[in-house]
Every structure is written in C-alpha cells, then in structure tokens.
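The values are calculated or read from the model by the stated rules, or taken from the named source; none is laboratory data. Source: prediction; values computed, not measured. Every residue, glycine as well, gets a Cβ built from its backbone with ideal geometry; the counts of neighbours run over all protein chains shown.
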Amino acid sequence: MEAHDWWLGALEGCLVAASVVSLLRAKSGRARTSAALLALGVALTLAHPFGMKAERVGRAPSDAAERNPTGRHTARILGLQIVPFALYRRDKPVAENVPVATLRARSWLWPFLFTNASEVTPLCGDLSTPCWPDRSARDGSGADRLSLVSSGGDFWVRVDNREKTGPGSSIPAEFVFRIGPGVTSWWGLGYWVLAAGIVLVRFNTARPGDPERGVTPTARGT
C-alpha cells in the first residue's frame, strides 16, 4: 500500500497540472470537451477532497468488535456500505526527521473512484504521538500494537502504548482515533473549485469568430 501511495501521488500531481493547462488552453469546441472530460475524470478519481477523516477520542465503545487492523473494511455513508478502506504505515523519505512515519487510511469507491489517502496520525515522534512499527520489521516488534474495532458501522483505531508507560505516568496508555468518511483535502476541494470556475467562466464566454458559440466575425467595411 505504501508503494501505491507514492506513485498515485505523483500521478495526481501530473494529471492535475495537465488538466488545468488543457482547460486554460482549450479554444475549439472539441478541445473544450476533451479538457472538461479530463478534468472530470481527475476530479472523480485522484484529485478530490473526500476520504477517511480521523478524530482523536478518549476511548472506543466497550462493545466494539475487533477487526483485522491491516485488512480491508467498508465504511458507511447514509447507512450504505460503499467506502472501502485499509490502514497502513508510510515512512518518510528522510528517516532522521520526526515523526518518522504516518499512519494512513486509503479509501476509494468501486471500482476506482474517489481514491484518497488521508493521515490518521503521525507515528514515532514525541510523546504525544503513537509509534507503530511496520509488520515487515525484521524482529516483528510492535506489529501487534495496532488494532481496529467497529460498532454500528463506525470504526476506531487504537495504538497500544503501555510499554512506554508506568505508574503515575502522564504518557497515554493508548491512542484512539475515530475514523469515518469526510472532507480530508483542502487541495482537492480547491481543484474542484478551480476547474469548475474555469469551465463556467471561460468556456461560456462568447468569442468573435467562434463557430461553436454561433458568433460570426463582423465583415470588414460594414
């Protein structure tokens, strides 16, 4: 999942730039249609503002059921289970920086719409952040610290932190995050506004000599 994160991010940047340029440069009716379709495709796949939003809470419900923390699950919107997601760790390119990684949730709609990776929490930073080693670690240490529970269609992520705590310690014994569908990217929302603005303003502006708009140039000498 981490590898997908990097190449999907690079693809998103390239497609966003290409779609904005094509919208600004399109002049003929055919070029405008192609540019609008490209922008729509980008907006409905990679460049959108929705994902699994995380909120830190005190604890999960006592009746919540355990789920596979690194498996695939489905969240609900309006009571419908239509948002698959998976949790994973993404390490930062420079390991010396802290936090050294982030816990993320990749979500999408079938088959490949609205794919988005949102951050649940930084990992392995100061005492206010949890630490969850990857399952691929050679010694396997800490692989079982992460847990996922659900109740009534809602999900909570828990990262056990008891090995760092002691009697009277101010360090949390566990970190708990409630996750669910929501707005997670202001960049994606900005792209939607920008692309829609270009289409509504620029594409609906009549130009002299534009046969697609039914406007003909004024004959010389008249």
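Determine if region 46-68 includes at least one residue that is in a helix (DSSP H, G or I) and not hydrophobic (A, V, I, L, M, F, W, C).
no
Of all residues in region 106-128, which are modelled with pLDDT under 85 and in contact with a Pro (Cβ under 6 Å, 6 or more places away or on another chain)?
124, 125
Between 16, 20, 100, which is surrounded by 14 or more Cβ atoms within 10 Å (Cβ to Cβ), assigned by TED's automatic domain parsing to the domain that holds residue 155 and in contact (Cβ under 8 Å) with a residue 24 or more places away in the chain? Give the derivation first.
Details: 16 fails: assigned by TED's automatic domain parsing to the domain that holds residue 155; 20 fails: assigned by TED's automatic domain parsing to the domain that holds residue 155.
Selected residue: 100, the only one of 16, 20, 100 that is surrounded by 14 or more Cβ atoms within 10 Å (Cβ to Cβ), assigned by TED's automatic domain parsing to the domain that holds residue 155 and in contact (Cβ under 8 Å) with a residue 24 or more places away in the chain.
Of everything in region 96-105 that's farther than 14 Å from residue 185 by Cβ and in a strand (DSSP E or B), which residue is modelled with the highest pLDDT? Walk me through how you get there before you give the answer.
Let us first name the residues in region 96-105 that are farther than 14 Å from residue 185 by Cβ, namely 96-103.
Still in the list and also in a strand (DSSP E or B): 101-103.
Details: 101: 86, 102: 90, 103: 93.
The extreme case among them is 103.
So, residue 55, is that one of a type in the set (Asp, Glu) and exposed (fewer than 13 other Cβ atoms within 10 Å of the Cβ) or not? Before the answer, list the steps.
Working: of a type in the set (Asp, Glu): yes; exposed (fewer than 13 other Cβ atoms within 10 Å of the Cβ): yes.
It is true that residue 55 is of a type in the set (Asp, Glu) and exposed (fewer than 13 other Cβ atoms within 10 Å of the Cβ).
Scan region 27-77 for residues that are among the hydroxyl-bearing types (Ser, Thr, Tyr), closer than 21 Å to residue 116 by Cα and not assigned by TED's automatic domain parsing to the domain that holds residue 172 and report the count.
The number of residues fulfilling the criteria is 1.
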